[in-house]
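Read through the structure below, which is laid out as structure tokens, and then see the notes.
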Amino acid sequence: MGAQVTGTDPDERRPGPSRKGPTLAENEPTALVDAVIRLMPDASVVVDGDGVIIGANALAEQMFGYPPGALVGMGVETLIPERFRTQHVANRRTYSTDPRSRPMGAGLDLWARRRDGSEFPVDVSLAPLGVPERPLVMAAVRDLTERRAAAEAQSRLAAIVAASDDAIVSLALAGTVTSWNPGAERLLGYRAEEIVGRPLWRLVPAGRRAALEETMARVRAGLRTPTYDSTCLRKDGTEVEVACSVSLMRDQAGRPAGFAAILRDITERKRAEDELRHVLIQLQRRERLVEATAEIRLLLLSGEELARSMKVIAQRAAELADAEGAALALPVGDGLLHVVAAEGAAANLLEDTLAADDSILGAAVTSTDVVVTDRLSEESGFRLGEGTPAARGPAAAVPLRTAAGPKGALLVVRHDGRPPFAPDDIDLIVGFAEQAGLAVELARARQNAEQLAVVADRERIARDLHDHVIQRLFAVGMSLQAASHTVADPAALARLQHAVDELDATIRQVRSTIFSLEQQARGDTSSSTSTRARVLQVVSQSAEALGFQPRLQFDGPIDAAVPEALVADLLAVVREALANTAKHAAANSVEVALSARDELVVEVTDDGTGIGTPTRASGLANLRARAERHGGSLEVTDRSEGGTRLRWRVPLARS
């Protein structure tokens with residue numbers, strides 16, 4: 001800084017008057033130098049041609065850490081770090097050959113040294129004072145520490161902005177984009193030259209603009225606006241979810257100058273949140289499933305009726321599958337399903353009988369797999385009733401699997417317009433279908449246990465009837481026959497003989513009952529397929545047409561003696577005889593008697609108007625043809641006490 005000092009150490013003072021050199025009072029116009037230094041806005045020192053400081057203002061003394069007046073007389077290289085002093089001397093010599101106002105070390109990195117030895121960056125401007133008698137140079141020194149720190153901070157900030165994965169965008173107050181970092185280009189697809197100067201709104205979906213305008217207004221008003229989730233439009237028109245943070249930028253006067261926005265891609269975060277939400281929902285549903293399963297199993301183990309268990313299963317299935325309705329159907333015959341439980345939007349199906357081949361429930365039973373439809377339609381063949389919200393909504397049916405195979409199906413339905421059932425929903429429904437299958441198995445097990453108890457009771461009754469009742473009846477009959485030989489009165493004798501005949505008939509009926517009980521106990525025939533059961537069913541069905549229940553009597557081993565080839569004709573005869581009685585006889589009572597000994601005899605008697613002269617004989621001709629086909633016969637006569645007797649006979653030996 002200044003002219004060269006030759007042949008001396010800059011840290012040493014010259015002895016005597018030469019230590020400080022000639023004073024301005026002796027050689028220079030002191031007032032000029034003092035005025036210049038005092039008026040300088042920067043730290044300034046005046047150096048002579050030998051590099052000696054002959055003047056310094058207070059700002060320079062404060063900057064370099066010297067007390068007032070201490071700098072005067074010191075070599076200027078004292079204020080230079082040692083590693084730069086040699087070069088500084090050379091620079092002073094060069095400057096002395098062409099003294100003019102200019103920056104010192106233009107383009108160089110200049111450093112100064114304080115009294116305590118610390119160093120700091122400086123900017124130095126040199127200017128000759130124009131004193132002819134003595135060359136003087138004034139050096140104006142500026143401390144660049146803060147400026148360099150600010151520049152470095154700005155450089156670091158620029159590097160951070162450039163390297164950031166987030167989109168960092170600056171906006172004018174009107175919403176025009178003024179800067180665009182590489183992160184914004186990667187996130188939204190626009191290059192800086194494509195978007196800078198353009199309105200921000202092309203990056204915002206129409207539905208999000210009002211929210212962004214409100215945020216910018218709040219920021220400009222100085223209100224706190226936390227980061228919020230939003231959506232931006234990419235260059236290709238697709239949307240990306242972002243976390244948006246908006247802050248206000250101000251100029252040096254503190255006036256609002258624009259906005260800074262940081263946009264962070266939160267696609268992965270949203271995906272993770274959705275997955276976590278899904279997991280939490282599944283955990284909650286699993287907990288509710290465990291609770292519902294425990295409730296259902298408690299019902300099953302407590303011996304609750306099957307209908308009650310099925311009702312609870314349907315309720316819980318609808319709740320956990322987020323459905324508006326549910327129904328459970330069990331098979332009741334070939335190709336038929338009976339709805340035993342129905343809840344919510346499917347409640348009107350309760351007790352309905354559905355054809356398995358044209359319903360979604362039947363499809364589940366037939367396919368033994370889950371049947372799902374996004375919308376019930378004409379093609380599905382299944383209805384919940386017109387006007388019901390779920391009549392055309394999504395539906396899913398799951399078969400009830402048991403050890404013996406599919407035994408019914410569980411259906412869940414949603415209102416029209418609701419989303420279809422997802423795989424997680426189906427898993428829950430399958431779980432409830434398993435519970436329903438378990439309920440059917442337990443119900444069957446309880447039914448078998450009850451049947452075993454009935455069988456055991458029948459065996460006991462059969463033994464008691466055979467060992468006690470028949471013997472006593474036979475003994476009474478023998479006593480009456482013996483007593484009849486001592487009776488002379490014909491009327492009394494006839495009454496005794498009638499009593500003996502009645503006892504014989506009673507014994508035959510008891511024996512028939514014993515045979516039936518023993519046969520059922522042995523399992524030779526089931527209650528649903530035995531000849532007796534089928535005849536009983538036909539007789540029971542005729543009660544509605546007759547207006548009363550006919551009496552039915554069996555004699556002999558009906559189930560064992562009647563071959564299967566003859567059963568269809570037997571049932572047709574009973575059905576036709578009872579139908580004719582209901583149509584033409586106007587009877588108040590009817591008795592059907594079946595006997596199976598050497599021949600099968602079906603006798604139907606009533607107390608009606610009698611046969612008279614039939615106007616049509618097609619029904620009787622059909623019965624006669626059925627008898628003659630097996631070598632038998634048909635007789636229809638009027639009873640003396642009123643009414644009609646129909647007797648259909650077929651020899652069993654020839655059947």
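Hey, any hits in segment 225-238 for a residue that's basic (Lys, Arg) and modelled with pLDDT under 90? Within segment 225-238, none of the residues are basic (Lys, Arg) and modelled with pLDDT under 90. Just so you know, in segment 341-353 the residues that are out of contact with any Gly (no Cβ under 6 Å at 6 or more places or on another chain) and surrounded by fewer than 22 Cβ atoms within 10 Å (Cβ to Cβ) include one that is nearest to residue 318 (Cα to Cα), and it is 347.
Each row is one residue, and each column tells you yes or no for (1) surrounded by fewer than 15 Cβ atoms within 10 Å (Cβ to Cβ); (2) more than 19 Å from residue 33 (Cβ to Cβ).
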site	(1), (2)
54	no, no
70	yes, no
88	no, yes
112	no, yes
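Residues that are in contact with a helix residue (DSSP H, G or I) (Cβ under 7 Å, 6 or more places away or on another chain), part of a helix (DSSP H, G or I) and at pLDDT 85 or above within segment 540-569 comprise 546, 567, 569, listed in sequence order.
In this structure, does residue 165 turn out to be over 27 Å from residue 62 (Cα atoms), in contact with a helix residue (DSSP H, G or I) (Cβ under 7 Å, 6 or more places away or on another chain), exposed (fewer than 15 other Cβ atoms within 10 Å of the Cβ) and modelled with pLDDT under 85? So residue 165 passes the test. Against the condition within 18 Å of residue 177 (Cα to Cα) and either surrounded by fewer than 17 Cβ atoms within 10 Å (Cβ to Cβ) or without any contact (Cβ under 8 Å) to a residue 24 or more places away in the chain (or both), how does residue 287 come out, does it pass? So residue 287 fails the test.
Applying the criterion of at least 2 residues that are modelled with pLDDT under 75 to the strands (runs of 3 or more DSSP E) found wholly in segment 347-445 leaves 405-413. In the set (1) among the small types (Gly, Ala, Ser); (2) under 17 Å from residue 608 (Cα atoms); (3) surrounded by 14 or more Cβ atoms within 10 Å (Cβ to Cβ), residue 586 fails one condition alone, (3).
Residues in segment 8-49 that are under 23 Å from residue 85 (Cβ atoms) and at pLDDT 85 or above: 42, 43, 44, 45, 46, 47, 48. When each of 211, 174, 243 is tested for being surrounded by 12 or more Cβ atoms within 10 Å (Cβ to Cβ) and at pLDDT below 90, the lone residue that passes is 211. Among the conditions (1) more than 18 Å from residue 188 (Cβ to Cβ); (2) in the same structural domain as residue 202 (by TED's automatic domain parsing); (3) charged (D, E, K, R), the only one that residue 286 does not satisfy is (2). Of the candidates 115, 85, the single residue that is under 21 Å from residue 46 (Cβ atoms), of a type in the set (Lys, Arg), modelled with pLDDT of 85 or more and touching a Phe, Trp or Tyr at 6+ places or on another chain (Cβ under 6 Å) is 115. Being among the aliphatic types (A, V, I, L, M), surrounded by 18 or more Cβ atoms within 10 Å (Cβ to Cβ), in contact (Cβ under 8 Å) with a residue 24 or more places away in the chain and more than 27 Å from residue 504 (Cβ to Cβ) is a condition met by at least one residue of segment 593-615. For residue 201, the criteria (1) exposed (fewer than 12 other Cβ atoms within 10 Å of the Cβ); (2) in a helix (DSSP H, G or I) hold in every case but one, which is (1). Right, residue 476: surrounded by 13 or more Cβ atoms within 10 Å (Cβ to Cβ), modelled with pLDDT of 70 or more and either under 57 Å from the mean Cα position of the chain (by Cα) or part of a helix (DSSP H, G or I) (or both) or not? For residue 476, the condition - surrounded by 13 or more Cβ atoms within 10 Å (Cβ to Cβ), modelled with pLDDT of 70 or more and either under 57 Å from the mean Cα position of the chain (by Cα) or part of a helix (DSSP H, G or I) (or both) - is met. Residues of segment 232-257 that are β-branched (Val, Ile, Thr) and over 18 Å from residue 199 (Cα atoms): 238, 240, 242.
The values are calculated or read from the model by the stated rules, or taken from the named source; none is laboratory data. The shown structure was predicted, so the numbers you read here are calculated from the model rather than taken from an experiment. With ideal geometry, Cβ positions are generated from the backbone for all residues, glycine too; neighbour counts draw on all protein chains shown.
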